[in-house]
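Below is one structure, written out as structure tokens; comments come after it.
We did not get these values from a lab; they are worked out from the coordinates using the rules stated. It should be emphasised that the depicted structure is a prediction, and the values quoted were computed from it without experimental measurement. So basically every Cβ, Gly included, is an ideal-geometry build from the backbone, and we count neighbours across all protein chains shown.
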Amino acid sequence: MNTLALKYRPRVLADLVGQEASVKALSNALRRAQSTGRIHHQAFLFAGVRGTGKTSSARIMARSLNCIHGPTPEPCGVCDPCRATEQPDLNLDIIEIDAASRASVEDARALREQVQTRPAFCRYRVYIIDEVHMLSRSAFDALLKILEEPPAHAVFVLATTELQDVPDTIKSRVQIYPFRLIPVGLIQGRLEAVCKAEGVTWDEASLRLVAEAGQGSMRDALTTLDRVIAAGDGHVREDLVREQLGIVPAVQVQQTLAAVLAGDAGGVLDQCAALASLGTDWVSFWKELMLAFRDHLEREARKGSPQETLRLARALHLLLQRERDLRDASLPQVVVELALVTAAQLPHLVSLDALVRSGGPASGPPPRRPEAGAAPRAAVPPAAVPAAPASLPALPVSEEELKQRCSDALRAAQGTLSRTLSSLPHLASRLSFEGGTLRFHFGPNVRNSAQELEREQANPHLISVLRAALPGLQRVALTFESAAGQRPEDVLKEDPAFQRLLQAVGGEITQVRREP
Ligand SMILES: [Zn+2]
């Protein structure tokens, strides 16, 4: 083990960073032991990823149990038993077993015999079994027998990185304490404290990079810190940290980000080519870029520019969706390039909201929207009914006459339109003509006959045939009435804003799906 990780190894439970829940529970167990004179549970299992403090905690437990002032959560650190924990190899009462290297049957048998031996000079004999999931089947059986009836002087602290590989029979005999990944902020705080204690100075962003590289492990972070302090001659330099950790220089991250934000796909590819020539680790570059993107997003959000914030959030969302591809990629550079070039196209795209609001690029000036402003978030209000433009008054005809006119016009066009259509005006339960829209209302019983019209309703020929009979006609709409009221998808299909959107993007409805 390197010097810093050893020197700043936690000595009491309170020193452990980021494991509050387990620390509290263990401290309580020790405090109870202090008042009753003996530890209630004799077997603990510390589970979690490497470098989160499991083995350190096991030694702290040994010390806490054996301190002459103990059992106590605050061992004195100066009495003989306390100091003996500093050298486990010389301490007969702390037995550290690495299950990975000692999984044999003989060892298991030896353990059973050894466990009966009383402590040499401490209160408890503490058995620390690291990577306990590596034990052989027979070793587990032996351990289980011991745990079922442990001698009063023995305490077992098991540690594992693979809790799921520990047999349930063992798990049911031990108290399990989870050891979690340590948050970056806590690791960074600890690194700063260590640097101060060591009289080491550091560049602003450098310790965060070291903390992030630790990936939740304090030990790994301290090991890296050792290296960069040595490389920087007593000062932690950001450029050296980046070099040591294979992190792309900050300026290149910023330049790539700028190219994406400017919608400069060529610039993005140039940056990627430059990074490739440096032998960049694409996964760590990606992480850096996403963090830079996030920081930019935060700045825009705080500036209070909702449109830009939304645009950036969409781009970031799009990029994060590509992250999984990157992890399994055989050609990570291509994945990064593809994702960034796609994101670089976003600035050129008009947002759907803007499209709906503008009425689309193909349909002239924006139509009057009485609800605009009152409900800015409802981009497609399902029940919106357009107000009739003043230039297109409803024809002063009765509904019967309207039906007749339409029917006649459609019958006259039988050569070019399906003959079924001419019967539909009379099959409609209601027919209205308002604001340029000829609206057919159909009851549920004519649903099938009306399908022909539903298919043809946007056919320009049909529109022009009907317009000859009804000057000012712009579109044909259908409403299907049912006992349960209008279906939401029909409401949506007839919504003028939605129609404009379809027209603007040249889209068609292929499927309507209701989401819960
Ligand atoms: Zn002590």
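Odds and ends about this structure:
- When each of the peptides 78-86, 34-42, 158-166 is scored by the mean number of other C-beta atoms lying within 10 Å of its residues, the order from highest to lowest reads 158-166, 78-86, 34-42.
- Residue-count net charge about D226 - beta-carbon cut-off 12 Å; Lys, Arg +1, Asp, Glu -1: +1
- Distances between every pair of Cα atoms in segment 225-332, grouped in 10 Å steps from 0 to the bin holding the largest one, split as 13, 38, 32, 15, 2 percent.
- Rounded FRET efficiency, nearest 0.05, which uses the C-beta distance separating L492 from L470 and R0 of 35 Å: 0.85
- Prolate/oblate/rounded label for segment 399-505 (Cα gyration tensor, a/c 1.5): oblate
- Each label was represented as a point 7 Å from its Cα along the Cα-to-Cβ direction; for E113 and R38 these points are 2.7 nm apart.
- Here the extension length gained between A258 and S330 equals 23.2 nm, from 0.36 nm per residue of separation less the Cα-Cα distance.
- Chain lengthening between H461 and E508 when straightened (0.36 nm per residue, less Cα-Cα): 15.1 nm
- For H426, the shell of other residues with beta-carbons less than 13 Å away shows a net charge of 0, using +1 for Lys and Arg and -1 for Asp and Glu.
- Full-stretch length increase - R314, D295 - with 0.36 nm per residue and alpha-carbon distance subtracted: 5.4 nm
- With eigenvalues of the C-alpha gyration tensor scaled by 5 and rooted, the chain, Å: 74, 31, 20
- Each label point was placed 7 Å from the Cα along the Cα-to-Cβ direction; for T3 and E74 their separation is 3.2 nm.
- Once you divide the Cα radius of gyration of segment 184-245 by 2.2 N^0.38 Å, the number left is 0.93.
- Folded to 0 to 90 degrees: helix 105-115 orientation relative to the chain principal axis, Cα: 60
- Rounded to the nearest 20 debye, dipole of the chain from Cβ charges on Lys, Arg, Asp, Glu: 1200
- The local environment of W286, defined by Cβ-Cβ distances under 11 Å, has a net charge of -1 under the rule Lys, Arg +1 and Asp, Glu -1.
- For segment 411-420, 3J(HN,Hα) per residue [Karplus equation, 6.51 cos²θ - 1.76 cosθ + 1.60, θ = phi - 60°, Hz, x = Gly/Pro]: 5, 5, 9, 4, x, 10, 10, 4, 6, 4
- Whole-number percent relative contact order across the chain, with pairs defined as alpha carbons under 8 Å at least 6 apart: 10
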